Structure formats: C-alpha cells, structure tokens
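First comes the structure, then the notes that go with it.
Nothing in this text is a laboratory measurement; each read-out follows from the coordinates by a stated rule. Just so you know, these numbers come straight off a predicted model, no measurement behind them. So basically every Cβ, Gly included, is an ideal-geometry build from the backbone, and we count neighbours across all protein chains shown.
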Amino acid sequence: MEPLQEAFQHHTWATEQLIRHLRDLPESALTASGPGTYGEVLATLSHLLAADGRYLAMLEQTPLPPRVPGPDATRSLDELADQLRGQAVRWRVILARIGETDVPVPARGDRAEIPHATNLLVAQALHHGNDHRTQICTVLSSNGYPSPDIDVWSYWRARRS
C-alpha cells in the first residue's frame, strides 16, 4: 500500500476505533469537555467528520455540504459510524487518482480562493483528524474515562497481526 493510502487507512481506522470505544462509555463521557479543546466529545467527533465531508467534497469537486452550527451539528454515534464508512470509501477513490486532481479551496468570507490546493486539503484532513481525536482522548482521560489506543503503532499492530 502506498504511504498516503496507509495514512488515510489509519485516519479512518482511528476514528472507527474511537467510535467503538465511545459506545462502551456512559452518556456523561460523550458530553464531557475540557479546557483548550474543541468542546464536548460527541460535538468534536461530529465536527471532525463534518470537516472530512467538506474536504472530500472539495477534492471530488462536488457541492459542499451545508455547515450546521451549534448543537444541531452533533450527531449520534450510529450516524457518525455510517458517515465514516461512506467517507472511508470516498477517501480510497480520491487517493487512487490523487495525482490527477488539482482543486481549489473556494473563497469564504474574507479569504480568497486558494488555487492548486489538493495537497493542502489532504494534509489538513490528516492533521485535523489527529488533532481532534487527540483532544477527545485528552477530554476522556482528564475526566476519568479510559481512552483508546489509536496511534499509528496500535493501528499497525491491529492491521498486521
């Protein structure tokens, strides 16, 4: 497997493991938050997957899904698991033809369009996912809940053993 494809396999695997882990925790863990993080656990996970949907839409050159701000943007674990499954397939399709892709990031607010942004979107998706999964694990552990092992070493052992 190519390194970029492997990185996205970890990206989706880690999110999938996090969702599985959260299913075994009480509701109070899903609404926990901590200073310096995005917010509540479930809201952060919802935000992560919504952003991935926007990155994918830009790479696919399809209309961006609407942004839903606030608590209405928070989805259930079942909805997030379904969304993740669909996104994993979309990432595989995009990565199979990534060398043929040259997309802009559309202008938004006071930010001008960013041309030739394929690499930016790919790097941002990986960084953004790791950042928010880490925040979720920090919130869990700082509130007395266990956090899953979802680093690349754990992914490698799980996939290769």
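Counting 0.36 nm for each residue step from Asp24 to Val89 and taking away their Cα separation leaves a gain of 20.8 nm. Largest mean-square fluctuation among His47, His21, His11, in a Gaussian network model of the chain whose springs join Cα atoms under 10 Å apart, belongs to His21. Among Ile136, Ile114, Ile19, which one shows the biggest mean-square fluctuation in a GNM of the chain, springs joining Cα atoms closer than 10 Å? Maximum among the listed residues: Ile114.
Taking a sphere under 12 Å around the Cβ of Gly129 and counting the other residues whose Cβ falls inside, with K and R at +1 and D and E at -1, yields a net charge of -2.
Label-to-label distance, Trp153 versus Asp82, with points set 7 angstrom from Cα along the beta-carbon direction: 3.8 nm.
Relative to one another, the C-alpha centroids of the stretch 50-108 and the stretch 125-161 are positioned 21 Å apart. Working note: 222 nm ellipticity from helices only, DSSP H runs with n ≥ 4, each -39,500 (n - 2.57), summed and divided by the residues of the chain, gives -20500 deg cm²/dmol to the nearest 500.
Recomputing percent of Cα pairs over 24 Å apart from the coordinates shown identifies the correct label among (1) 65; (2) 36; (3) 42 as (2).
Normalised by the number of residues in the stretch 3-148, what is the relative contact order in percent for Cα pairs under 8 Å and 6+ residues apart?
Normalised by residue count, the contact order of the stretch 3-148 is 34 percent.
Under 5 Å between amide hydrogens, built in the peptide plane, is the criterion, and for Arg75 it picks out Ser46 among residues at least 5 positions away or on other chains.
Once a ≥ b ≥ c are taken as the square roots of the eigenvalues of the Cα gyration tensor of the stretch 19-62, is the result rounded (a/c under 1.5), prolate (a/b larger than b/c) or oblate (a/b not larger than b/c)? Taking the square roots of the gyration eigenvalues as a ≥ b ≥ c, the stretch 19-62 is oblate. Residue-wise HN-Hα couplings along the stretch 103-116, as the Karplus relation 6.51 cos²θ - 1.76 cosθ + 1.60 with θ = phi - 60° gives them from phi, are 10, x, 9, x, 4, 8, x, 8, 9, 6, 4, 10, x, 6 Hz; Gly and Pro carry x.
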